[in-house]
Amino acid sequence: MDLHTHYMPAGLPSFAESKGDSRWPRLVPGSGGQGEIVRGTSTFRVVRQACWDITERISEMDRFGVDVQVISPVPVSLTYWASGPDAAEFARIQNDEIAEAVRGSAGRLIGFAGVPLQDTDLAIEEMRRVVGELGLHGIEIGTVVGTDELDHERLRPFFAAAARLGVPLLVHPIDGPCIGRSADPLGAFSIGMLTDTAVAARALVCGGVLTQLPDLRVCLCHGGGSFPWIYPRLRFGAVLDGDDSTGDRLDADLRRLFVDSLVFDPRHYALLTERFGTDHVVLGTDYPFFSLDGPGPDLAMENGLSEHDRAAIRGRNALDFLQREHIGAARS
């Protein structure tokens, strides 16, 4: 099971026109197996057909031996910069389309939704709807909501509702401050995204979110970013300000986090299994932006792990994260 993939429907209306703001994204299919995500009249990103075409996606899943994918929104469509009501309207339309894709996949796809986290009440309302009415399994959230870090008190009712409803959360970097500091796309892709994820992880582990909500389930994309490397220094500083019990609490909360396998070095992968445990690493590819035979699956299967641990990373850990015994259908 691949827990980290993205999907964007081709049928979204042009909010850029109706709302008068060019930041609203929309996918425009093209020719030759490609399309564009546009913001206003500008191309944001060229994407492959599998980004919106479920038939093409499942065909590639079959070719690479993937039984089930979790599909979540393309991060640019987490429109936290907009007004709450406008973002809620956009999220409802997109989430309905994600649910339709899941229904048409014969059990091969699991859907995660986006919610308007700039308005906590609307975000909780949409979360209840997508889980209760649409049958989606979880929520993708950004690493930061406007200027609010994930331990901001305003967001605590959302996390409490997710824990109470048993809704897992997938944390993905968006246009946060660390990304904004990067002067070029390469810097944003590498240093920016991973640092933003580390800041989000710090908020969850050190900000009391996980301690206060023992039933909350969270998975960090991109192997938790730079957080696994930073954590020893962070823990040291926390113990200096507190006592040994502070370090024990942080260790326990850290090992509740799940992370995906999308890292690029076997030494990094070994660190993931050491920090979080082999039972909290899940397969993730960032498909269709990366290939299904990219570094995530390669390192997961070629890192000296036992067959038991490989099997866990291939699927059982994801099922534990989703709190399901079995989901989906085997590939044809």
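Points worth noting:
- If you filter segment 30-46 down to residues that are touching a strand residue (DSSP E or B) at 6+ places or on another chain (Cβ under 7 Å) and touching a residue at least 24 places away in the same chain (Cβ under 8 Å), you find that the one that is farthest from residue 79 (Cα to Cα) is 35.
- Cβ pairs under 6 Å, 6+ apart, first in segment 281-303 and more than 18 Å from residue 220 (Cβ to Cβ), second part of a strand (DSSP E or B) and at pLDDT 85 or above: 288/48
- Selection from segment 76-85 of residues that are surrounded by fewer than 17 Cβ atoms within 10 Å (Cβ to Cβ) and either in contact (Cβ under 8 Å) with a residue 60 or more places away in the chain or in a helix (DSSP H, G or I) (or both): 81, 84, 85
- Some residue of segment 54-75 being under 21 Å from the mean Cα position of the chain (by Cα), assigned to a helix (DSSP H, G or I) and either aromatic (Phe, Trp, Tyr) or closer than 19 Å to residue 139 by Cα (or both): yes
- Listed conditions (1) within 23 Å of residue 169 (Cβ to Cβ); (2) under 19 Å from the mean Cα position of the chain (by Cα) are all met by residue 89, apart from (2).
- Subset of segment 322-332 (residues that are in contact with a helix residue (DSSP H, G or I) (Cβ under 8 Å, 6 or more places away or on another chain) and either surrounded by 19 or more Cβ atoms within 10 Å (Cβ to Cβ) or modelled with pLDDT of 60 or more (or both)): 325, 326, 327
- Looking only at segment 18-29, residues that are outside any strand (DSSP E or B) and free of Cβ contacts under 8 Å to residues at least 40 places away in the same chain come to 3 in all.
- Of all the residues in segment 145-174, those that are of a type outside the set (A, V, I, L, M, F, W, C) and crowded, with 17+ Cβ neighbours inside 10 Å number 6.
- Test: residue 259 is of a type in the set (Val, Ile, Thr), part of a loop (DSSP other than H, G, I, E, B) and buried (at least 20 other Cβ atoms within 10 Å of the Cβ): no
- Which listed residue, of 224, 237, 187, is surrounded by 21 or more Cβ atoms within 10 Å (Cβ to Cβ), without any contact (Cβ under 8 Å) to a residue 60 or more places away in the chain and either aromatic (Phe, Trp, Tyr) or over 21 Å from residue 154 (Cα atoms) (or both): 224
The values are calculated or read from the model by the stated rules, or taken from the named source; none is laboratory data. Because the structure is predicted, anything quoted here is derived from the model rather than measured. FYI the Cβ positions are ideal-geometry reconstructions off the backbone, even for glycines, and counts take in every protein chain you see.
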